[in-house]
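Undergrad: Just dropping this structure here.
The values are calculated or read from the model by the stated rules, or taken from the named source; none is laboratory data. None of the values given here were measured: they were computed from a predicted structure. Here the Cβ positions follow ideal geometry from the backbone for every residue, glycine too, while neighbour counts run over all protein chains shown. Protein only, heavy atoms only, side chains kept; ligands, DNA and RNA dropped before computing areas. Shrake-Rupley method; radii C 1.70, N 1.55, O 1.52, S 1.80 Å.
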Amino acid sequence: MDNILTIPASQTLPAREFETLLCPHLDFLYGVAFRLTGLQADAEDLVQDVLLKLYPKYSELAEIEKIRPWLVKVTYRTFIDNKRRYQRTPFSLLKSASASEETNHVDTLASQNPGPAQMVENKFTSRNIQAALNMLNEEQKAVCVLHDIEGFSLPELEDILATPLGTLKSRLHRARASLKKIIKYGTF
Amino acid sequence: MGCHKTIKHLDDYFDGSLGQDLLNVVQNHVNKCPECHELFQEEKAFRLALFNMPAATPSREFSEIAFRNAAALHQKKLRSRAWYSMAGTLAAGLMVWLTTMFSGPIMPGSGITADITLALNETQNIKVLFDSPRVLQDATLTLVIPKELDLVDYPDTRELSWTADLKQGPNMLTLPVRAIEAGNIVLVTRVAHDNQSSTQSFHLAVRADSLVERRLDLLQTV
């Protein structure tokens, strides 16, 4: 068997500089991760995965002019990858149906009877919205979170989500309609 | 403009993507039609509620731990990669053979044309085999990396030296590299021990297209 030689662990990899570069964006990154995953623990896992993915690419990061859209792109892709990986595990069998582009849980879960949320005056509370967001499929949730909450423009999202503008618009329209429907009928 | 068309344009209205003329038409209709006005106000409240959602923030502990973990897990991954590359030696990848001949004359810059083609911006493992005639303790290994290549984790490092023990026979070194410029390039490896050294240079090609047919080519000097 061959003797294995290894390159020594890099002493020059700037761990501290990596932290200095990304620290100002960590709250933002976590905010996006939380909106996408809906849970603190999942958001932390997602951010950790993203940092691990970015760490070896420090030199590339330092040269990026607009880093936030780039970070969101990596976060979104990691989120989708993790979701797909999860769906391939036996645990995913516990879920009854996968959410696709055209369908979401709203149509199957939303009751047609007015719920308590309809009766309260201020129905668009953060809690209600976040609960409703958690019921959208991944694509709808992402475009709604990034456009309506985080303020990215649709042309920016074309690149971040690698999706044509027309698809984004219709996806956003359906996402908003679903959110309002969930909030109105109070299915959470 | 009727109610149906007005409602259809509301998304574009709030996204700011309506032209001024159409925007005026929508506003005029909303001001006159009580039903559309109510819908408009609800839509406005909904957008504002989304936009004003308080941001979730991580704990301070999480920030510290996350950065520390990123560095630690990366190092762990590097170590695992070295072991996995051992198992995959013959299975895949690009390989160059190098014989260290300390008993013979030093061969500075002797060129070996390794039939290896790298795709631009793609990370690849190049395996270099040092076939040592005897045990060499504390040998100094040196890599001279051309500007067209980056050694993963050593960006912009053009020369890297370290000490290692070589056993008699084949010694495998895996170089994770990323091609950053196209062209014909030369990678130089040097082994030094007890005031003797052996240098080999390998000619490689970096092609600009991303679809490169990879071939397993072995080159050995005896």
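Undergrad: Hey, which lysines would be in cross-link range of residue A:73, C-alpha to C-alpha under 21 Å, not counting anything within fewer than 8 residues on its own chain?
TA: A:53, A:57, A:83, A:141, A:169
Undergrad: Could you put A:76, A:86 in order of accessible surface area, largest first, with the 1.4 Å probe and the full protein assembly present?
TA: Numbers: A:76 25, A:86 95 Å².
Correct descending sequence by accessible area is A:86, A:76.
Undergrad: In square angstrom and rounded to 100, what buried accessible area do you get between chains B and A, total over both, with the probe at 1.4 Å? Provide the component values of the computation, followed by the final result.
TA: Numbers: alone 14200 and 11940 Å², together 21590 Å².
That pair hides around 4500 Å² of surface in total.
Undergrad: Apply the a/c threshold of 1.5 to the C-alpha gyration tensor of segment B:3-51 and tell me whether it is rounded, prolate or oblate.
TA: On the way: a/c = 2.04, a/b = 1.15, b/c = 1.77.
Note, shape of segment B:3-51 comes out oblate.
Undergrad: As a test question: what accessible area, to the nearest 10 Å², does residue A:25 have when a 1.4 Å probe is rolled over all protein chains in place?
TA: Rounded to the nearest 10, that gives 30 Å².
Undergrad: How far apart, in nm, are two points set 7 Å out from the Cα along the Cα-to-Cβ line at residue B:39 and at residue B:140?
TA: Between residue B:39 and residue B:140, the label points sit 8.0 nm apart.
Undergrad: Along Cα→Cβ, 7 Å out, is where each label goes; now give me the distance between the ones at residue A:125 and residue A:16 in nm to one decimal.
TA: 4.7 nm
Undergrad: Taking K and R as +1 and D and E as -1, what net charge do the other residues with C-beta under 11 Å from the C-beta of residue B:139 add up to? Intermediate values should be presented prior to the final figure.
TA: Numbers: positive: B:134, B:167, B:190; negative: B:138, B:165, B:194.
In short, 0.
Undergrad: Ranked from the most accessible area to the least, with a 1.4 Å probe and all protein chains present, what is the order of B:5, A:184, B:32, A:123? Don't jump to the answer; show the numbers that get you there.
TA: Numbers: B:5 125, A:184 85, B:32 165, A:123 45 Å².
Greatest to least solvent exposure: B:32, B:5, A:184, A:123.
Undergrad: Ok, one more. Expressed in nm to one decimal, what extension gain is obtained for the pair residue B:181 and residue B:51 from 0.36 nm per residue of sequence separation less their Cα-Cα distance?
TA: Working: separation 130, 0.36 × 130 = 46.80 nm, distance 4.38 nm.
In short, 42.4 nm is gained.
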